[in-house]
1. Would you mind counting up the charge near B:Glu130? Only other residues with Cβ under 13 Å from its Cβ, with Lys and Arg at +1 and Asp and Glu at -1.
2. Based on DSSP loop calls and a cut-off of at most 10 other Cβ atoms within 10 Å, the longest stretch of chain B free of exposed GluC sites (Glu not before Pro) is what?
3. Charges on Cβ only, +1 for Lys and Arg, -1 for Asp and Glu, centred on the Cα centroid of chain A; of A:Gly332, A:Tyr30, A:Gly376, which one is farthest towards the dipole's positive end?
4. Quick one: putting +1 on the C-beta of Lys and Arg, -1 on the C-beta of Asp and Glu, what dipole do you get for segment A:259-403 around its Cα centre, in Debye to the nearest 20?
5. Hey, which of these cross-link pairs are over 23 Å Cα-Cα: A:Lys132/B:Lys30; A:Lys22/A:Lys173; A:Lys321/B:Lys64; B:Lys39/B:Lys64?
6. Who wins for biggest fluctuation among A:Leu305, A:Leu153, A:Leu366 in a Gaussian network model of chain A, springs between alpha carbons below 10 Å?
7. Using a basic spin-label model with each label point 7 Å from the Cα along Cα→Cβ, how many nm lie between B:Phe43 and A:Trp46?
8. Under a Cβ-only charge scheme (Lys and Arg +1, Asp and Glu -1), can you give me the dipole magnitude of the protein assembly as shown about the Cα centre, in debye to the nearest 20?
Amino acid sequence: MAPVAENGRVAVLGVGMHPWGKWGRNFVEYGIAAARAALADAGLEWRDVQFVSGADTIRNGYPGFVSGATFAQALGWSGARVSSAYAACASGATAIAAARAQILAGLCDVALVVGADTTPKGFFAPVGGERKDDPDWLRFHLLGATNPTYFALYARRRMELFGATEDDFAAVKVKNARHGAANPNARYRAEVTAEEVLASPMVADPLRLLEICATSDGGAALVLSSTEFARRHAGGDKPVQVAALSTVTPRFPQTVIEMPNFATDSAAAVGDVDGPGFRRSIAHSAYEEAGIGPEDVGVAEVYDLSSALELDWYEDIGLCKAGEAERLLRDGDTAVGGRIPVNPSGGLSSFGEAIPAQAIAQVCELVWQLRGQADGRQVEGARVGVTANQGLFGHGSSVIVTT
Amino acid sequence: MAGAKTRVPAVEGWFTLDDDAPALLGSRCKRCGTYAFPKETFFCRNPACESTEFDEVELSRRGKVWSYTDARYQPPAPYVAANPYEPFCIAAVELAEEKMVVMGQVVPGIGVEELSVGTEVDLVTDVLYEDEDHQYLVWKWKPVTASSGGGAGG
């Protein structure tokens, strides 16, 4: 795909979040708080929004399946056009993609993207009912395979292939906790020591409780517009822009075991893959679309479902070669103040996962970083940021944000 | 005693109930040869193949561990846990001929310290859970060198 030209970009006029936590209230409340914050940040009214794009939650009944309309009604019916999207952990990015496409097609000038969730306690379980044809139900029933099971398989593989250690995994958590401590929207705001991480209970060997992302309540929102509208609206202040957005699916044969599957694809008929693998392809498709490379990136927000998985992402978004992530971490390159800070927000480690809000929250953080508004965790001089995210059933996303 | 209970698979048609040499039941595309587990019945997964016809095949009974972990905390329903809960290991196992990785619980009595990437394992059937009248069976992986643990017959 050809790089996106100036006229292929959309402006981020406003960002907003409701703090992550375990608040136990209706998800709509968090979504509306985030939407109102984003509109205020943009200097726009709700009635200026022509298209509202919701990221769905599947754990909050029908209102969650039609989240765009749910948020629109809660903000007050305004006649705006609406869309609702579900794409597992990438739902927020898919909602951004829908809004971006409307803007780039010239169908609207201003769009509001909202995602919010209220989560139950403990391990994510499949939604209710006996469904013997749903792999997500069956993997719990037949294997007792939770999400951390899969995270742990990747972590152990990393230890065996690249010599990662439990100390490395703990160091990721220590770094992200330090970042998150400075973020008012993070759920966990206490710094932790490596000793505390390594003393926390083992959940899925080699991953410990403090290294596995929690499930959280939270909400995030963006106000997007055409660059032309942004020029008219903001005058001389050039807003941060979305330069590319990738929601690619895997390519056959997908030879890494993925949630919620029992098996990988078989490479018997087509031979081993020589492609980049799914996680790599997510960010690399975004780079290609933006016409830039990893060397241009100054800050990254990646999906640290586990501390170990953050190390995989360093390689998959191209910050280093395979097997070099531990060195990057140990050298301090990925901490705020380092060469290429990763998860300055504190990441999932400090937030926990509010699924439909998460990919939107990643963009919110990059916008604050690129505007120089990330108090206490500011990455100096970053002009390009990248997000990366992956969820169940072949969903993943990457967004590139530039000044 | 457990022996008096009727033994039934916890899921129908995913593995054979052969006591000595059970096997996973997968599919192989009649046109391109792509395997799938569980069985593909509609469309071949290979995007270059439009076949809708498959043979049911027994998958290799022996493989090598690709990665492994354990479940220290009781998984949520619909997992049916023993009371009291007993942690167990889970392995993702590479099958050489099929060029695919298949997950399974590891037989009871095997801890993570007895596994490593590359460990050779065989497929066995074992009890997943029981009720008053039935033992519900599932496939599990058993290290070739393990002398104890697992096996529905044992």
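The numbers here are math on the coordinates, done by the rules we state, and not lab data. Quantities reported herein were computed from a predicted structural model and do not represent experimental measurements. Quick reminder, even Gly has a Cβ in these numbers, built from the backbone with ideal geometry, and neighbours come from all protein chains shown.
1. Result for the neighbourhood of B:Glu130: -2.
2. That would be B:54-131.
3. Of the options given, the answer is A:Tyr30.
4. For this selection, approximately 300 debye.
5. The answer is A:Lys132/B:Lys30; A:Lys321/B:Lys64.
6. Result for chain A, Cα springs under 10 Å: A:Leu153 fluctuates most.
7. The modelled label-to-label distance comes out at 4.1 nm.
8. About 1420 debye.
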